[in-house]
1. Per DSSP H run of n ≥ 4, the term is -39500 (n - 2.57); total these for the chain, divide by its residue number, and report the mean residue ellipticity at 222 nm rounded to 500 deg cm²/dmol.
2. Place a point 7 Å from the Cα of F279 along the Cα-to-Cβ direction; which residues of segment 347-370 have their backbone N under 20 Å from it?
3. Which ³J(HN,Hα) values in Hz, rounded to whole numbers, follow from the phi angles of segment 368-375 under the Karplus curve 6.51 cos²θ - 1.76 cosθ + 1.60, where θ = phi - 60° and Gly and Pro get x?
4. Here is the link list: K45/K200; K270/K290; K175/K234. Which ones come out longer than 18 Å on Cα distance?
5. Just by accessible area at a 1.4 angstrom probe, what is the order of R170, R188 from largest to smallest?
6. Given labels modelled 7 Å from the Cα in the Cβ direction, how far is it in nm from A287 to A342?
7. Label E268 and I10 with points 7 Å out from Cα along Cα→Cβ: what is the distance between them in nm?
8. Lys and Arg at +1, Asp and Glu at -1: add these up for the other residues within a Cβ distance under 10 Å of F165 and post the number.
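The values are calculated or read from the model by the stated rules, or taken from the named source; none is laboratory data. Just so it is clear, the structure is predicted and the values come from calculations on it, not from any experiment. All Cβ positions, glycine included, derive from the backbone under ideal geometry; neighbour counts span all protein chains shown. Side chains included, ligands, DNA and RNA excluded: accessible areas come from the protein's heavy atoms. Shrake-Rupley method; radii C 1.70, N 1.55, O 1.52, S 1.80 Å.
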Amino acid sequence: MIRDQEILNILLDTIERFVRERLIPLEQEVAESDQIPESIVTEMKALGLFGLSIPEEYGGMGLSMEEEVLATMVIGHTSPAFRSLFATNNGIGSQGIVMDGTSEQKAHYLPQLASGDLIGSFALTEPDSGSDAASLRTQAVRDGNHYILNGTKRYITNAPEAGIFTVMARTDADKKGADGISAFIVERGTAGLTVGSIDKKMGQKGAHTADVIFDNCRVPVSQLIGGREGIGFKTAMKVLDKGRINIAALCVGVSERMLDDALHYALERKQFGKPIADFQLIQAMLADSKAELYAARSMVIDAARRRDAGQDVGTEAACAKLFASEACGRIADRAVQIFGGAGYLAEYGIERFYRDVRLFRIFEGTSQIQQLVIARNMIRAAS
Ligand code: COS
């Protein structure tokens, strides 16, 4: 759903200019320093990028899903590490509060998340609980007006920067599955919460992940999302349904960038006396990538429109994430192939994207989890 095409065009043009003029020139520097310059963070805040999806009443832009995916695609035209910093505030780091928070929780946290003054982070995964999220072991034991949290969360995006964490923990030790899980907002600085050292990753330098450790961490009862125990797993799943559409949109954006770079290289690079773009074997790689990109883009927009229309999009979100992330991997591989030897060298940048996009098939649910979700929903609907 696009509410006002003209206003949206202005926003997309502004983001596009920011990406082209400010972010793309810094890609190499960020990859080498593993740090996004503070001046860029300030500009991101001024542009409202931390609050794209947070409702307007809490200081965000309140973009519809369709508007948000179009913005995400434009942001995807540069290194995904830039987006990662503000993406958690729009996605998994805020949506638990947006969807299921109490009015007090929304009023207190959402304006700070929308402005970027506070970074939000989502703590679901644990050392022994990844794809099988319902088996998580972090405990939250009620003690008067507090819960005492114990456990470790792993691969937590933006943990080193975060001011608050949405933490899924087991409040009912007798229930081993999803319905014993609750979600909490835990503030950084709470005694008993520590963040581990920054993980060394294959790519996406500038975007940070780390462990988050809870050791007798006392969290006030008022921090229980929605004020109700036992709904935390569903909150997490709803957050991920939305997140997966956005990751699919990111895959489209980054694929557009890689294909554009590969096309321009193929037009400039000459072999056998002519641009390699004239050779049909190169054209096949360009054409296959374009067709897959078109399919991925169409899926993302359709899933977003359906969500805006109020439909349950669990299946469509998983389909879009599965297809777009797998296509993105193939497009990255072809782009490196078109660049040839230059594709293997750091200075041309395409090898960096090749490493960066590998994560897309893993985070917010692996491709295998998307397959599982799709097939389960099909079987459930038919039986
Ligand atoms: N929206 C709302 N509720 C949902 C839901 C969704 N998308 N998906 C599941 N639920 C509900 C179910 O309806 C069920 O509730 P009831 O018992 O009341 O019916 C409950 O949650 C448990 O669901 P289910 O039985 O399907 O859970 P499973 O443990 O079998 O597995 C998967 C669910 C595998 C799909 C889930 O664990 C998952 O998505 N894993 C991947 C986690 C992930 O993406 N991690 C990435 C890191 S976070 S960046």
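1. Rounded to the nearest 500, it is -16000 deg cm²/dmol.
2. 348, 350-351
3. Using θ = phi - 60°, the values come out as 5, 5, 4, 4, 4, 5, 4, 5 Hz.
4. Violating the 18 Å limit, Cα to Cα: K45/K200; K270/K290.
5. Order by accessible area, largest first: R188, R170.
6. Between A287 and A342, the simple spin-label model gives 2.4 nm.
7. Once both label points are built, they end up 3.6 nm from each other.
8. Residues near F165 contribute +1 overall.
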